[in-house]
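First up is the structure itself, then whatever we jot down about it.
The values are calculated or read from the model by the stated rules, or taken from the named source; none is laboratory data. The structure displayed is predicted, hence computed values, not measured ones. Ideal geometry is used to build each Cβ from the backbone, glycine not excepted, and the neighbour counts take in all protein chains shown.
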Amino acid sequence: MGAAIYLAVVLEPKIRSTSVDLERQLLNRISKLNSLWITSAAIVTMVTGMALVSTTPGRSFSDLGNGGWGTMILVGLIASVGAFVVSGMAGAFTAKLRRGLESGGATDQQLANCRRGLSTLGYVNAVLVVIAVGTMATARFA
Amino acid sequence: MDAEIAILRLLHILPGAIWVGSAVFLAFVVQPALAKTGPPHSPALLVHMLKPLLITLHGSAIMTIVFGIVMAFRVRDPLFDFLWSTDWGTMIWLGFLFSVVAYGIGNVAVLSNKKMADIGKSLTGPPTPEQVAEMTKLRDRAILLARIGALGVVTAVAFMALAQHV
């Protein structure tokens, strides 16, 4: 979650406010590690979260969507899966932008579209993970 | 009571997740990448990044610690009796200790980054060999401290998360 917010709010806007050369170098160095890092963290969080649901006394997957706890956990689960998908789409945009900057074949308009898409997906991803964590954290009080 | 604890939990856990994720991401992904990019690019980026970085890290860390303390007082009364005499208390004060120390170490890392950014800001042309050496020293120190700080925050989260199960 922190990485997603850090990326959307701090890093990406600031990278764009420097030089294209730096953007290219950083994308080359960060994008693969970044995808690996965020994807691994997301998968570990979701898998252990599901294991926790099934091992919580008195709770099971059949409770999802039923009652306050089940609804909150279901919303959190949907938001986290949504964030995972959005994160994957952002990864595809990053790869496209990196290729465009490296080859020099992309037009300014295409690069601008990629940057805009990446920025929007970054913010959507950040909002979704906040919803996911928030609903999960307060589920037992619902 | 439940609504109050739920809100306190949100105000503790959300910034906590932002703090730990940002700290780990900065220490193990961004800073090493900037180190490989090297001067003059990395100090130039740091100049732009420092303010939002400080707001994100300070804001989330302070909120996490403050609301964590408030919540601890609300869930256990009298808190200090529980802190020293139960396993829950031991885990909580250990988590608190690690988080405060990690926050302090993180601040020293930020100071090193700030000094590096100041050198970058003062550059009017290519950096001299002395400036490159100074920036490299500050960068390596910042990376090391950021890693120690990030591991400290992760340890704090582990203690806090396990507290109610020991």
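For region B:93-114, the criterion of being more than 20 Å from the chain's Cα centre (by Cα) and buried (at least 17 other Cβ atoms within 10 Å of the Cβ) is satisfied by no residue at all. Between A:Leu7, A:Leu52, the distinction of being within 14 Å of chain B (Cβ to nearest Cβ) and within 14 Å of the chain's Cα centre (by Cα) belongs to A:Leu7 only. For region A:49-68, the set of residues classified as surrounded by 11 or more Cβ atoms within 10 Å (Cβ to Cβ) and among the β-branched types (Val, Ile, Thr) consists of A:Val53, A:Thr56, listed by residue number.
Counted as qualifying within region B:1-90 are the helices (runs of 4 or more DSSP H) with 2 or more residues that are away from chain A (no Cβ under 12 Å), namely B:41-75, B:79-85.
Going through A:Ile73, A:Ile30, A:Ile78 one at a time, which residue ends up being farther than 15 Å from A:Ala139 by Cβ and assigned to a helix (DSSP H, G or I)?
Going through A:Ile73, A:Ile30, A:Ile78 in turn, just one is farther than 15 Å from A:Ala139 by Cβ and assigned to a helix (DSSP H, G or I): A:Ile30.
In region A:73-86, the residues that are β-branched (Val, Ile, Thr) form Cβ pairs under 7 Å with partners that are assigned to a helix (DSSP H, G or I), at six or more places apart or across chains, as follows: A:Ile73/A:Val53; A:Ile73/A:Met136; A:Ile73/A:Ala139; A:Val75/A:Thr135; A:Val86/A:Leu121; A:Val86/A:Val124; A:Val86/A:Asn125; A:Val86/A:Leu128.
Could you say which residue among A:Ala112, A:Ala126, A:Ala106 is among the aliphatic types (A, V, I, L, M) and touching a residue at least 24 places away in the same chain (Cβ under 8 Å)?
Matching residue, one of A:Ala112, A:Ala126, A:Ala106: A:Ala126.
Residue pairs whose Cβ atoms lie under 6 Å apart, sitting 6 or more positions apart in sequence or on different chains, and linking a residue in region A:23-39 that is more than 8 Å from chain B (Cβ to nearest Cβ) to a partner that is assigned to a helix (DSSP H, G or I) and of a type outside the set (Val, Ile, Thr), are A:Arg24/A:Leu101; A:Leu27/A:Arg98; A:Ser31/A:Arg98; A:Ser35/A:Gly91; A:Ile38/A:Ala3; A:Ile38/A:Ser87. May I ask you to list the residues in region A:49-63 that are without any contact (Cβ under 8 Å) to a residue 60 or more places away in the chain, under 16 Å from A:Ala137 (Cβ atoms) and in a helix (DSSP H, G or I)? Answer for region A:49-63, where residues must be without any contact (Cβ under 8 Å) to a residue 60 or more places away in the chain, under 16 Å from A:Ala137 (Cβ atoms) and in a helix (DSSP H, G or I): A:Leu52, A:Val53.
For (1) modelled with pLDDT of 85 or more; (2) more than 16 Å from A:Val129 (Cα to Cα), each residue gets a yes or a no:
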| position | (1), (2) |
| --- | --- |
| A:Gly2 | no, no |
| A:Pro13 | no, yes |
| A:Arg24 | no, yes |
| A:Leu27 | no, yes |
| A:Ser40 | yes, no |
| A:Thr45 | yes, no |
| A:Leu52 | yes, yes |
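Of A:Gly134, A:Gly117, A:Gly122, all but one fail to be in a helix (DSSP H, G or I), within 18 Å of A:Thr39 (Cα to Cα) and of a type outside the set (A, V, I, L, M, F, W, C); the exception is A:Gly122.
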